[in-house]
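The values are calculated or read from the model by the stated rules, or taken from the named source; none is laboratory data. Keep in mind that this is a model prediction, so the values were computed, not measured. For neighbour counting, all protein chains shown are included, and Cβ atoms are generated from backbone atoms with ideal geometry for every residue, glycine included. These area figures cover heavy atoms from the full protein model, side chains too; ligands, DNA and RNA do not enter into them. Shrake-Rupley method; radii C 1.70, N 1.55, O 1.52, S 1.80 Å.
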Amino acid sequence: RPDAARDTARFVYERLQEGTRVAVFSYNGEIHQECSFTSNRDAIGEAIESAYSRTPRPHLELKVRIRQLISEFKDCVNDASGAFVASADERCLRDTATSYADENRPAARDYLGALENVVRFAGGLDGEIAVLSVSHGVSVDPTMEIVDAMRAMLGNTDQVARMILYLGFGEGARREMDSLLELAVKNGVALTFVDRSLAPSGDFGASLGTPYQPGVRPIQTAFQAAQNDLKEIAATTGGVFIDTPDVFEGLSEAQDKERGTYTLGYYISEYRSPKKLARVAVKTNRRGVKITHRRGYYKKPVFDDIVGEIRLGKGTLRSASGDLLPGGAAHVPFALLVDPRNIGYEPTDPPGAMTSQFTVHVRLMTEQGRVLADSFHFLNHGYSLKVWNGTDTGPVQVTGWVEIPPGAYRLSALFTNPKNGRRGELTGAIEVRPPAKP
């Protein structure tokens, strides 16, 4: 853990591409935002230090956990005298398996929920978005590690086959994983994972006094189950899975793949139905090039789902603190006003209010479109039912200001509700005239 913290910070100071905007999150059973988007390396470094200093989530070491499960299964195949019996107690096997699954599935749901929150946060950005996670993850479905633990004691028996059906192979947190994948593809967020965990040894049964069945490796199965889920998430969203104990090299490889990537777009000369466009073949003869893709496609909505306006205040020659601005620069306040009915509010559970989570990406640009400054915010907003059901809820209002020298500018505000895909872009022109000559 200290090595990972040091290597992550080293990557930020030595390899992070200049101008890259980074937000830092940590997860220890709950998601924590350590810093919002910034390109300040010192701020990112402090956020990483804060992330790694958090108390980790309590967990049982993988080897201990699997051996404990096998030991409990062993109790199901012995009679009252402790002698091995040919057929295990079916009820005992099921109770043991169910208890283990119920203990591990909530951790998978929490982890997927944390990833989904990060995707929601980042999904409102306009452009290429990558989430880099230093994590081994958790197994979304513990069925196969339970089954392999049973095989270690019983071999490939009918009881093992019935256990797969009983546990419901493919259930667990699969629905939450599908929801995460859909959200990531919908918002154009690629998830990349750097796994620094070393595969555990210990797939033998000497400590239990009973050898495992030949060819069965329950600890290895449990370790690979988490990796397989991360590989699926990465491949589906257009990211990569990097297995290395060197976090610095892993993050460097992830960034190199991002920087060396070209996004392919194409035009069509005539109308094609979405069904006919769902399959596209891309080939290259260039050596050293690897073609990757997101598994699935999503038709992005037009940018007029969320409607509103930008109101510009009167520019002054003094800053918000009252100081005189140099070179004739002006302090220009603004307000972003949007219709909440277009954003998409949902009732709380239990009912009592209407709430929504949405992002606002504000950019100040020259007339030619060069971005001079930008700001990104993730907002939780709500109305009481009395206000929501009233005649006039009023617009959602976000206020801000810019301080700019004389010239012509364009202010752009992109509102996004990552959950339902609704978007709206507001634009306004700002002109700062040079001060009149005395």
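Structure summary
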item	result
Accessible area of Trp401 in the full protein assembly, 1.4 Å probe (Å², nearest 10)	140 Å²
Long-range HN-HN contacts of Ser133 with modeled amide H, under 5 Å	Thr192, Phe193, Val194
Over 20 Å between alpha carbons, listed pairs Lys186/Lys257; Lys386/Lys419; Lys186/Lys275; Lys231/Lys257; Lys231/Lys275	Lys186/Lys257; Lys386/Lys419; Lys231/Lys275
Packing-based order for 416-428, 347-359, using average beta carbon neighbours within 10 Å, highest first	416-428, 347-359
Local net charge near Ala335, Cβ-Cβ under 13 Å (Lys/Arg +1, Asp/Glu -1)	+1
Relative packing of 148-154, 393-399, which averages over residues the other C-beta atoms within 10 Å, highest first	148-154, 393-399
Local net charge near Ala9, Cβ-Cβ under 10 Å (Lys/Arg +1, Asp/Glu -1)	-1
Nearby lysines by direct alpha-carbon distance to Lys314 (threshold 22 angstrom, same-chain neighbours under 8 apart not counted)	Lys437
Ratio of the Cα radius of gyration of the chain to 2.2 N^0.38 Å, where N counts its residues	1.23
Rounded Å value of the spacing that divides the Cα centres of segment 123-189 and segment 18-58	26 Å
Accessible area (Å², per residue) of the chain, counting only protein heavy atoms and a probe of 1.4 Å	57 Å²
Lone cysteines, the chain (no partner Cβ under 4.7 Å)	Cys35
Protection proxy ranking, peptides 371-380, 95-104, 112-121, average beta carbon neighbours within 10 Å, highest first	112-121, 95-104, 371-380
Cβ-based net charge around Ala43, under 14 Å, with every Lys or Arg adding one and every Asp or Glu removing one	-2
Glu49-Thr98 FRET efficiency (beta carbon distance; Förster radius 41 Å; 0.05 resolution)	0.50
Percent accessible area from carbon and sulfur atoms, the chain, protein chains only, probe 1.4 Å	50 percent
